[in-house]
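Remarks on the structure that follows.
The values are calculated or read from the model by the stated rules, or taken from the named source; none is laboratory data. Since the model is a prediction, treat every value here as computed from it, not as a measurement. No Cβ is skipped: glycine too gets one built from the backbone with ideal geometry, and neighbour counts run over all protein chains shown. Side chains included, ligands, DNA and RNA excluded: accessible areas come from the protein's heavy atoms. Shrake-Rupley method; radii C 1.70, N 1.55, O 1.52, S 1.80 Å.
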Amino acid sequence: MNRDGKPDVLAFDHSAGWVFVLDGDGTGKLLLAQTIAVDIHPEHVVARDFNGDHYADFAVLDHLANMVSVVLSDGVGGFTEPVDYAVSGRLPGAGFRTRDMDGDGQRDLLIAVYGPDYQNGWISILYGMPGGTFQQPDNVSAGVNPTDVSAGDFNEDELPDYVVALNNGPQGIQIFLNQGNRDFRDAGTYPFSINPRDPRVTDLNGDGHVDVVIAGVLGAPYGQPHDIAVFTGNGDGTFDGQAQVFGDRKGGAGVIALATKRGDTTPDLAIENLHYDPSFPSPSVSILSNCS
């Protein structure tokens, strides 16, 4: 966050409405540098340079208030006052990403939204403008009850597409391809598990085409398996319909991160084992090494 070349961390206190900036010292230690008050109760945070000054800004999402708060770096180590943007519909509490979706060089914000009847949903895209401000949300298709969203170029036309996780009706993932001019086309649904969430986009098998990895979480009854699934991309906007499934995480699973080990080029998975099953009382993290 302070451009010293050492990774920093953003954390938040949901109940108090604070965001904490923790500066890394390069040895794995973190120092609390700033506490920033926002007008909402943050639940998710994304950090990128929204105003083009080469300093990291951040945005936080509150699904109860249906609000996004954007906070810009002031370029001298501090941050400006938060600017709030209202989002209509019901927010599932996840599904918050940033990407330049229309190719204008400005970062945009993507938010997964339930419809008022919990049946029809959409993705709200707040298109970025110069100076770090955002337009009012533009709602685009997202299938039934989208719980999460992620973006990537699935058909390799240099336009970012998006994938949503669906937890009602045909549970699984649904692909939407970018047609340009802020228009997106439904390119198919791929079934998976119950309550899928946290889709991540990366090339897992090294074939040059991006894949989608997704977690199954919070199902009922207790003890039902919740796995990690990989949908292999073909490079033309389609995916292998038979997902590769890993694990039997009876308490629920969530993908935490994709990362490569030193000396390796294929990403591994860090998996959050939520353990909502009472027979698994302690949450934990599993590392799945990529054998591709």
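A few notes on this one:
- Computed over protein heavy atoms with a 1.4 Å probe, the carbon and sulfur contribution to the accessible area of the range 28-162 reaches 50%.
- A 1.4 Å probe run over the range 1-71, with the rest of the protein chains in place, finds 51 Å² accessible per residue.
- Overall size of the range 1-128 from C-alpha positions, given as principal axis extents largest first: 48, 36, 26 Å.
- Taking the Cα atoms of the range 87-236, the ratio Rg/Rh between the radius of gyration and the Kirkwood radius comes to 0.97.
- Taking only Cα atoms of the range 69-114, radius of gyration then Dmax in Å: 13.2, 39
- Proximal charge balance of P42 [Cβ under 11 Å; K/R count +1, D/E count -1]: -4
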